[in-house]
Amino acid sequence: MMRYIAFDVETPNGANDRMSAIGVAVIENGEIVQEIATLVNPETYFHRFNIQLTGITPEAAAKAPAFPVVWNELEPVFSSGVLVAHNAVFDMGVLSKCLQAYGIGWKDTAEYACTVQMGRKCFPGLPNHKLNTLCEYLDIPLEHHQAGSDSYACASLLLRYQQEGLEVERFHRKYDLTSRRTLQQLRR
């Protein structure tokens, strides 16, 4: 069975090239086996909108480790499976920009899947497929825009899609971390 790394990032401003928080929920054998959530010192300015959205202040983030320290711990986890996020192109882009901003080499491409795309296929009748809408519909607990809660919710959605019979592998894509774009759908 596939190993999935559901993750969510929060950003300090609209540049979306740094993280102020990251959450991770690892799925193995049909269950969530590991959760990680941490603030990240983005070493840049915070926009008022982002502070209001996430509740993360510059003061709180200043005490947190910077991205290279966090990545040192997360890289083995991220390298161990298929990445999954809700509106994945956003999270993949932020990850890519952070790696680039700090000059951290990881790999050229990463396999990923998007729970928004899966949600549209699995529950087409919903008015939208935002994380909070899907979680409310499926009775999944969510503290929206809290990275740990969002990543856990994303992982829970993936598990629910699998229970509904969705072939998650059909939603796998390849993301070019250098040019920050999806390269192709992967056929299995």
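The values are calculated or read from the model by the stated rules, or taken from the named source; none is laboratory data. Predicted, not measured: the structure shown is a model, and the values here were computed from it. Glycine gets a Cβ as well: all are built from the backbone with ideal geometry, and neighbour counts include every protein chain shown. Each accessible area value is taken on the protein alone, full model and side chains, heavy atoms only, with ligands, DNA and RNA left out. Shrake-Rupley method; radii C 1.70, N 1.55, O 1.52, S 1.80 Å.
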Restricting to DSSP H runs of at least four residues, report the calculated mean residue ellipticity at 222 nm for the chain, -39500 (n - 2.57) per run over all residues, nearest 500 deg cm²/dmol.
-11000 deg cm²/dmol
Protein accessible area in the range 31-160, 1.4 Å probe - carbon and sulfur %
49 percent
Please give the length that would be gained between Phe90 and Glu73 if that part of the chain were fully extended, namely 0.36 nm times their separation in residues minus their C-alpha to C-alpha distance (nm, one decimal).
3.9 nm
Quick one: among Ala153, Ala60, Ala113, which has the greatest mean-square fluctuation in a GNM of the chain with alpha-carbon springs under 10 angstrom?
Ala60
Filtered hits (aspartates and glutamates, Cα-Cα < 17 Å from Lys107, offset >= 8 within chain) -> Glu73, Glu75, Asp91, Asp176
Angle between the chain longest axis and helix 67-78 axis [Cα atoms, degrees, rounded to 10]:
20 degrees
Regression test value, accessible area per residue of the range 114-188, probe 1.4 Å, units Å², expected 56 Å²
Here the FRET efficiency for Thr57 versus Glu167, based on Cβ atoms and R0 = 35 Å and rounded to 0.05, is 0.25
Stretch Lys107-Thr178 to full length: gain in nm at 0.36 nm per residue minus the Cα-Cα span?
24.7 nm
Straight-line reach check, Lys130, cutoff 20 Å on alpha carbons, 8 or more apart in-chain or any other chain, hits among lysines -> Lys121
Label-reachable residues, the range 24-47, where backbone N falls under 19 Å from a point 7 Å from Ser80's Cα toward its Cβ:
24-38
Which of these values of Rg and Dmax of the Cα atoms in Å was calculated from the structure shown: (1) 15.7, 46; (2) 19.2, 61; (3) 18.8, 55?
(1)
Enter the accessible area of Thr133 (Å², nearest 10), with the probe set to 1.4 Å and all protein chains included.
30 Å²
